[in-house]
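Accompanying notes for the structure given below.
Just so you know, all these numbers are worked out from the coordinates, no wet-lab data involved. Source: prediction; values computed, not measured. Don't worry about glycine lacking a Cβ; one is built from the backbone with ideal geometry, like all the others, and counts go over all protein chains shown.
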Amino acid sequence: MAEYSKSREDQLEKIDLTGLVQDGMQGVKKLWWLVALLAVLFAAKNWLTVSRGYQPRYVASATAAVTSAASEDADYINNQTAQQMAQIFPYIMTSGLLQDTVAQAMEVDSLPGSISVTAEDGMNLLTISVTGLDAQAVYDELQVVLETYPQVAEIVLGPTSLDVLDETGVPSDTGKAYAVRGSARQGALKGAALGVALMAVYVLTRRTVKSRRELKEALNLTDCGSLPLVPKKRRKKSAPRQEICLLNSRSVPQGYLEALRKACIKIMAALEESGQRVLLVTSSLAGEGKTTVAVNLAVSMAQQGKRVILVDCDPRGAGVGRVLGTAPAGPTLADVLEGRAAAKEALQPVQAAQPGSLLVLHGSKEAEPLLCTARMEELIAKLREAADVVILDTAPAGVLADAAVLARSADAALYVVRYDATKLRQVRDGLEVLSESGVHLLGYLFNGDRPGHGHSYGYGYARYGYGRYGAYGGYGGRYGAYGTYSRYGQASLGEVGRRDKDGRVIRE
């Protein structure tokens, strides 16, 4: 029995920079809508909050020229005085001297607005601003400040005067629109930042398997091949998605057909070499394409002249009929296990799988409690004698115990791993469950591969073919319905390989 390595189980996975960038791009493709949604929501929240709770703030300001006592260099003294008046302003405000003087002049207990002073560098210009909630009040306060500030500053700087050059007059509120836009912009940035942070967490924690190389380095299992991604398309919105099936070879890319053919040859050779007949196909999680792989392997083996029986042992999924495009025309697996029908009556032929034969035993939900019983073991033993290969499509090994129990009656197990669907730890856990049953782990098949992604290696089909399938044409001429190899359908797969110019098999 093949063993898989767990020597790196407790080691941190290496963070490959290129892989991390690819993971990031994948995260952007999957979660860009989350970033946009959070940005819109946060922007809308801030906009509503500021719009409803905004209080207008009026600013009255004036620019004045500072004139100090006469001296030999009046310009220099005036410039210095303006700078000093701006510098000592915070201290004057802290002491309360200016506030008390202005409040006393306005005959109020507290000032209606806040006062600020700035000076222009290298000039004797001083800008005094008053900000508050009442437009007229802040303007009146500004006038009083212009009158009293030189008197307060005189204590420190000596006699000075302010000559007003420009002022705003009674201000009008023009800050609401700016405040609302600014708050919406800030909200959008905060939402986008949160979305990016969540995306980063998703990318760093997901760390799913994205290449055959990862599996080869982590598992001591045979690499049975790689199947390229074939996007499923809907012809109409109301029409169901077309499944990938060799029986509809015209709709399946040639690159996929070639990859499946190579994997099938490798798997059948391994089974024949060890005299094994019952192959269990499973995966870690649902949605990795194990049923599609099981069906297409069965069809491909039948097209190679083998007698194949395909059993749907995943009653919760029941996807064999969906992939084949057929429905049970008679008794199902549940009927056989419950004794209501014989196995021969339930086996449904698939005529399109010639030149060999393909019989399908459809599953049903009623069969679920009987899968792990002695009746199922007896059925598998009978099917073993009636076919060259029996393929069991089981539930995911990482989710349910059905695969591990059925594996006791199987000769070998093929583990399907889909690109960017499972973590390496989940693959290890599923394989461990299978290995405890004593089944021979034939190897893994990498499904949904993206050539050029994740340091994958293989054939790198250009749009799933060699140009326009290059020298392979449409599998015409040379390969026929698997071309030249179709003539050797009845031969051992060990003899199917490269041939010399005289047609003799080159044994490698």
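The length gained on full extension between Ala341 and Val164, counted as 0.36 nm times the residue separation minus their Cα-Cα distance, comes to 53.0 nm. Note on segment 305-373 and segment 261-282: Cα centroid distance 20 Å, given to the nearest whole angstrom. Modelled spin-label separation between Lys45 and Arg250, with each label point placed 7 Å from Cα along the Cα-to-Cβ direction: 5.5 nm.
When each pair of different Cα atoms in segment 96-152 is counted once in the 1/r mean, what is the Kirkwood radius in angstroms, to one decimal?
11.8 Å
Taking the three principal axes of the alpha carbon atoms in segment 337-462, the coordinate ranges are 51, 37, 25 Å, sorted in descending order. At full extension, Gln186 and Val21 could sit 56.6 nm farther apart than now, given 0.36 nm per residue minus the alpha carbon distance. A full extension of the chain between Cys372 and Ile155 corresponds to an added length of 68.1 nm, given 0.36 nm per residue minus the alpha carbon distance. A Förster radius of 25 Å combined with the Cβ-Cβ distance from Ser116 to Ala177 puts the calculated FRET efficiency at roughly 0.65.
What does the charge dipole of segment 49-188 about its Cα centre add up to, to the nearest 20 debye, if the Cβ of each Lys and Arg holds +1 and the Cβ of each Asp and Glu holds -1?
Around 1000 debye, computed over segment 49-188.
Averaging the sequence gap over all C-alpha pairs within less than 8 Å and six or more residues apart, then dividing by the number of residues, gives segment 58-167 a relative contact order of 43 percent.
Loop-located trypsin sites (Lys or Arg not before Pro) across segment 255-312 with a Cβ neighbour count of 16 or fewer within 10 Å are lacking, with loop assigned by DSSP.
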